[in-house]
Amino acid sequence: MSGIVGSIIANPTDLLKIRMQAMEKDHHRILWHIKDVYHHGGLLGYYKGVQATVVRAMMLNGSKLSTYDHIKHTLINYHILKDGYLLHFVSSI
């Protein structure tokens with residue numbers, strides 16, 4: 001859930017960053033991009049592509065969490081590490 005909320009909140013800045021990278025040869029400042037997005041799409045213009053960003057966040061966070069949990073339980077079940085800071089650190093790498 002936090003990945004979804006974070007993606008929705010961060011989408012406007014991500015959109016502006018992508019526009020600036022795509023139009024690198026034109027060298028427009030960020031204020032120009034902010035005005036241009038608003039002029040052509042209003043407030044909803046800042047959320048163009050948010051669906052793909054949310055789906056990406058859901059897939060990424062789901063796979064990260066399940067991988068972390070699987071590694072953690074494997075290390076515990078094979079008595080490689082005991083529950084503690086080191087286990088959580090190794091599992092998260």
Report task. State which residue pairs qualify: first residue open to solvent by less than 100 Å² (accessible area, probe 1.4 Å) and inside segment 76-92, second residue among the acidic types (Asp, Glu) and in a helix (DSSP H, G or I) in any location, beta carbons under 9 Å apart, and separation of 6 or more residues or different chains. Result -> Ser91/Asp69
Query raised in the report: What is the number of the single condition among (1) open to solvent by 100 Å² or more (accessible area, probe 1.4 Å); (2) at pLDDT below 95; (3) not in a helix (DSSP H, G or I) that Lys25 does not meet?
Result: (3)
**Report entry** When residues of segment 30-79 are limited to those that are more than 21 Å from Ile18 (Cα to Cα) and of a type in the set (Ser, Thr, Tyr), the one farthest from the chain's Cα centre (by Cα)
**Finding:** Tyr78
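Residues checked against (1) out of contact with any helix residue (DSSP H, G or I) (no Cβ under 8 Å at 6 or more places or on another chain); (2) modelled with pLDDT of 95 or more; (3) among the acidic types (Asp, Glu):
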{"residue": "Ser7", "(1), (2), (3)": "no, no, no"}
{"residue": "His33", "(1), (2), (3)": "no, yes, no"}
{"residue": "His40", "(1), (2), (3)": "yes, yes, no"}
{"residue": "Leu44", "(1), (2), (3)": "yes, yes, no"}
{"residue": "Leu75", "(1), (2), (3)": "no, yes, no"}
{"residue": "Ser91", "(1), (2), (3)": "no, yes, no"}
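The values are calculated or read from the model by the stated rules, or taken from the named source; none is laboratory data. These figures come from a predicted structure and were not determined experimentally. Positions of Cβ are generated from backbone atoms using ideal geometry, with glycine treated the same way; all protein chains shown enter the neighbour counts. These accessible areas exclude ligands, DNA and RNA; they are computed on the full protein's heavy atoms, side chains included. Shrake-Rupley method; radii C 1.70, N 1.55, O 1.52, S 1.80 Å.
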